[in-house]
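S.K.: Below: one structure in structure tokens.
FYI, it's all coordinate maths here, none of it is from the lab. Because the structure is a prediction, the values reported are computed rather than measured. For neighbour counting, all protein chains shown are included, and Cβ atoms are generated from backbone atoms with ideal geometry for every residue, glycine included.
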Amino acid sequence: MKILFATNNAHKLAEVQAVLGDGFQLLTPRDCGITEEIPETCDTLEGNASQKAHYLYDRTGLDCFADDTGLEVAALGGAPGVHSARYATDGHNFIKNNELLLRNLEGVADRRARFRTVIALLLGGQEYQFEGIVEGRIIDHAIGCEGFGYDPLFVPDGFSKTFAEMTPDEKNSISHRGRAVRQLVARLKSGFY
Ligand code: ITT
């Protein structure tokens, strides 16, 4: 089955394709001639995921889905949350985002944080949403080279290493995105709208 994924993030694409498996072929916006950045102007993950999926559906008429993810840090009142991509700068600068996060947590004892992913799926124009959460904590310096974004700073509960020290399969087995995508797969395989 071919399905369109509304992302410009190559890391996400690889993670999602690994969970979906060979039975699904992901198409990207670029494959459909859409090269501009897809707008994300809502103030919730749910709103942005829906906005991104509708943006593609309106232009292609194809079944599609979008993922919006945020890192929610307890001591920062849930920030960066929906602003995770542009926390430090207007671009998607992972290093600067991580530096700002560490600065904002300097001297803070409560390091609890979670990643939350919301996936919006449009099947035959009908919308479904799925949520995946992983709880953990932010350490005080970056460790590891795998993954992307805030992965080098995030240690999931029950583990003593960061997401950036895990193999892609290990991260997917417990991650926010892995959990949300497995619900998406179940819906796609159920075969009815
Ligand atoms: P698309 O909107 O094109 O899918 P994006 O990078 O803008 O890509 P999001 O808005 O969903 O994706 O993600 C916001 C930021 O949160 C992202 O830029 C990363 O810094 C961070 N992030 C998302 N998923 C992550 C993960 O699995 N591990 C670490 N950081 C992640």
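S.K.: Which members of segment 1-29 meet the condition of being surrounded by fewer than 13 Cβ atoms within 10 Å (Cβ to Cβ) and either among the polar types (S, T, N, Q) or more than 19 Å from H92 (Cα to Cα) (or both)?
M.R.: Selection gives M1, K2, G21, D22, G23, Q25.
S.K.: Another question, then. So which residues in segment 160-183 are assigned to a loop (DSSP other than H, G, I, E, B) and surrounded by fewer than 16 Cβ atoms within 10 Å (Cβ to Cβ), if there are any at all?
M.R.: Result: S160, K161, T167.
S.K.: Restricting attention to segment 46-61, does a residue exist that is more than 21 Å from Q126 (Cα to Cα) and touching a residue at least 24 places away in the same chain (Cβ under 8 Å)?
M.R.: no
S.K.: Determine, yes or no, whether E106 is away from the ligand (no atom under 11 Å from the Cβ) and in a strand (DSSP E or B).
M.R.: No, not satisfied.
S.K.: So, in segment 109-122, how many residues would count as being closer than 12 Å to R137 by Cα, more than 10 Å from the ligand (Cβ to nearest atom) and surrounded by 14 or more Cβ atoms within 10 Å (Cβ to Cβ)?
M.R.: Selection size over segment 109-122: 3.
S.K.: Restricting attention to segment 95-108, does a residue exist that is loosely packed, with under 14 Cβ neighbours inside 10 Å, among the β-branched types (V, I, T) and under 25 Å from E170 (Cα atoms)?
M.R.: yes
S.K.: Please pick out the residue among E146, E135 that is closer than 19 Å to G70 by Cα and free of Cβ contacts under 8 Å to residues at least 24 places away in the same chain.
M.R.: E135
S.K.: Quick one: count up the residues across segment 11-39 that are more than 19 Å from A85 (Cα to Cα), of a type in the set (G, A, S) and within 17 Å of the chain's Cα centre (by Cα).
M.R.: So the count comes out to 1.
S.K.: I've got another one for you. Sort out which residues of segment 167-180 are within 11 Å of the ligand (Cβ to nearest atom), more than 13 Å from I133 (Cβ to Cβ) and not charged (D, E, K, R), and write them in order of number.
M.R.: P168, N172
S.K.: Do you know which residues across segment 58-87 are part of a loop (DSSP other than H, G, I, E, B), hydrophobic (A, V, I, L, M, F, W, C) and within 10 Å of the ligand (Cβ to nearest atom)?
M.R.: Matches in segment 58-87: V82, A85.
S.K.: Next question, about the same structure. Give the number of residues within segment 20-39 that are in a helix (DSSP H, G or I) and either within 12 Å of the ligand (Cβ to nearest atom) or without any contact (Cβ under 8 Å) to a residue 40 or more places away in the chain (or both).
M.R.: 3
S.K.: How about segment 61-81: which of its residues are within 24 Å of G191 (Cα to Cα) and surrounded by fewer than 17 Cβ atoms within 10 Å (Cβ to Cβ)?
M.R.: Of everything in segment 61-81, those that are within 24 Å of G191 (Cα to Cα) and surrounded by fewer than 17 Cβ atoms within 10 Å (Cβ to Cβ) turn out to be G61, L62.
S.K.: Quickly run through segment 47-57 and pick out the residues that are crowded, with 17+ Cβ neighbours inside 10 Å and either of a type in the set (F, W, Y) or within 13 Å of the ligand (Cβ to nearest atom) (or both).
M.R.: N48, A49, S50, Q51, K52, A53, Y55, L56, Y57
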